Every structure is written in structure tokens, then in C-alpha cells.
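Step one of this worksheet: look at the structure below.
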Amino acid sequence: MDYSISQQPKRKIAGFHLVGPWDQTVKQGFEQLNMWVSGRNVPAQEWLAVYYDNPDEVAPEKLRCDTVVTVSDDFTLPPNSEGVILTEVAAGDYASATARIEGDDYATPWKLFLASLLEDANYQIAPKPCIERYLNDGNADGYWTIEMLVPVEHKAG
């Protein structure tokens, strides 16, 4: 899979932290997020999922993710935002690839992307969260276009 390496900025994020099988929690999290953003008129910039664990190493019921929107640096949580987290995703070098998702098959492009990264001669995956950025409204379009962002670092030696 084709990808590029670029410096990504620090992102201030607001949304929901969820634990459990991603095929269930991510959908649930975005439903909650959509209700919160629209109900509180949150000035959302980007819609993201942030993944903290490797599903090959962590049991499905313990997988952690955040369903969030990026917000301005001066954003504060509006009233009645119980359960909403406000945190940051670190800046750094990330490998980036885009994919078109149809039929909710997010796993296949991620597996192809990660397999390509594991073969990279110069970079290795860094122990930081991965990001999935949504580039369109898949509910309206019938498919999703996503940017997959994986933190990387130079290989030693």
C-alpha cells in the first residue's frame, strides 16, 4: 500500500473514551459524539478515531479508543458535557495512507497499511496511538474515505 511520512501537528481533541470490541464501540462512540457535537454546537474541525492498542495483542473487551473531534486550542467544554474527555494527540512523524471503505470493512486497509509499514527499511512503528481521520460523510455518501495515521520513528542503526 502506498503511504507517505509527514510531520503531523498536535491536535486538541474532545469526545468519548471507550473500551471494548472496536466493531461495536467505535460506532457507538460516533453516535454519542454526533449527538454531543450537534446538541452543544461544538465547532468540530476534524472527526477522528484514536486507537491505543494492538488488536493482535489485546483482548477485544479491553481494546481502547477515543471517538473525537479536533477543536481549537482555546476550546473549553460547554455545560452538560458529562463523560466528554478533552485531551491531545501528540505531534510527530506519522505514516499516512488513504482508503475508501465500503461495507464497514475497516480492518482490511489497516492490515495492508500496517503490513507495508513493517517492511519499511527506514521507519518503524512508534509506541503511540494510531489515528483514523474521516475525510467525508459516509452516512451521506454511502462509503467512507479515511486517512490512516500511524506514528513512526527512524530505525536504529
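The values are calculated or read from the model by the stated rules, or taken from the named source; none is laboratory data. Computed from a predicted model, the values in this text were never measured in an experiment. As a convention, Cβ positions derive from the backbone with ideal geometry for all residues, glycine included, and neighbour counts pool all protein chains shown. Note: accessible area is taken over every heavy atom of the protein model, side chains too, but ligands, DNA and RNA are not part of it. Shrake-Rupley method; radii C 1.70, N 1.55, O 1.52, S 1.80 Å.
Answer yes or no as to whether ASP93 is outside any loop (DSSP other than H, G, I, E, B) and in contact with a His (Cβ under 6 Å, 6 or more places away or on another chain). First the steps, then the outcome.
Working: outside any loop (DSSP other than H, G, I, E, B): yes; in contact with a His (Cβ under 6 Å, 6 or more places away or on another chain): no.
For ASP93, the condition - outside any loop (DSSP other than H, G, I, E, B) and in contact with a His (Cβ under 6 Å, 6 or more places away or on another chain) - is not met.
Given the structure, is GLU147 open to solvent by less than 10 Å² (accessible area, probe 1.4 Å) and of a type outside the set (A, V, I, L, M, F, W, C)? Steps first, please.
Numbers: open to solvent by less than 10 Å² (accessible area, probe 1.4 Å): no; of a type outside the set (A, V, I, L, M, F, W, C): yes.
Here the answer is no, as GLU147 does not meet what is asked.
Taking ALA140 as the residue in question, decide whether it is modelled with pLDDT under 95, under 20 Å from PHE30 (Cα atoms), small (Gly, Ala, Ser) and surrounded by 11 or more Cβ atoms within 10 Å (Cβ to Cβ). Break it down stepwise before answering.
Numbers: modelled with pLDDT under 95: yes; under 20 Å from PHE30 (Cα atoms): yes; small (Gly, Ala, Ser): yes; surrounded by 11 or more Cβ atoms within 10 Å (Cβ to Cβ): no.
It is false that ALA140 is modelled with pLDDT under 95, under 20 Å from PHE30 (Cα atoms), small (Gly, Ala, Ser) and surrounded by 11 or more Cβ atoms within 10 Å (Cβ to Cβ).
In the range 104-118, how many are open to solvent by less than 80 Å² (accessible area, probe 1.4 Å) and outside any helix (DSSP H, G or I)?
Of the residues in the range 104-118, 2 are open to solvent by less than 80 Å² (accessible area, probe 1.4 Å) and outside any helix (DSSP H, G or I).
If you go through the range 74-99, how many residues are without any contact (Cβ under 8 Å) to a residue 12 or more places away in the chain and among the polar types (S, T, N, Q)?
1
I'm trying to understand the selection: among the residues of the range 119-157, which are among the hydrophobic types (A, V, I, L, M, F, W, C) and either farther than 22 Å from ASN54 by Cα or outside any strand (DSSP E or B) (or both)? Even if it seems obvious, please write down each step before you answer.
Restricting attention to the range 119-157, the residues satisfying the condition of being among the hydrophobic types (A, V, I, L, M, F, W, C) are 121, 125-126, 130-131, 135, 140, 144, 146, 148-150, 152, 156.
Correct list: ALA121, ALA126, LEU135, ALA140, TRP144, ALA156.
Can you name every residue in the range 6-18 that is open to solvent by less than 60 Å² (accessible area, probe 1.4 Å) and either over 21 Å from CYS65 (Cβ atoms) or touching a Gly at 6+ places or on another chain (Cβ under 9 Å) (or both)?
SER6, GLN8, GLY15, PHE16, LEU18
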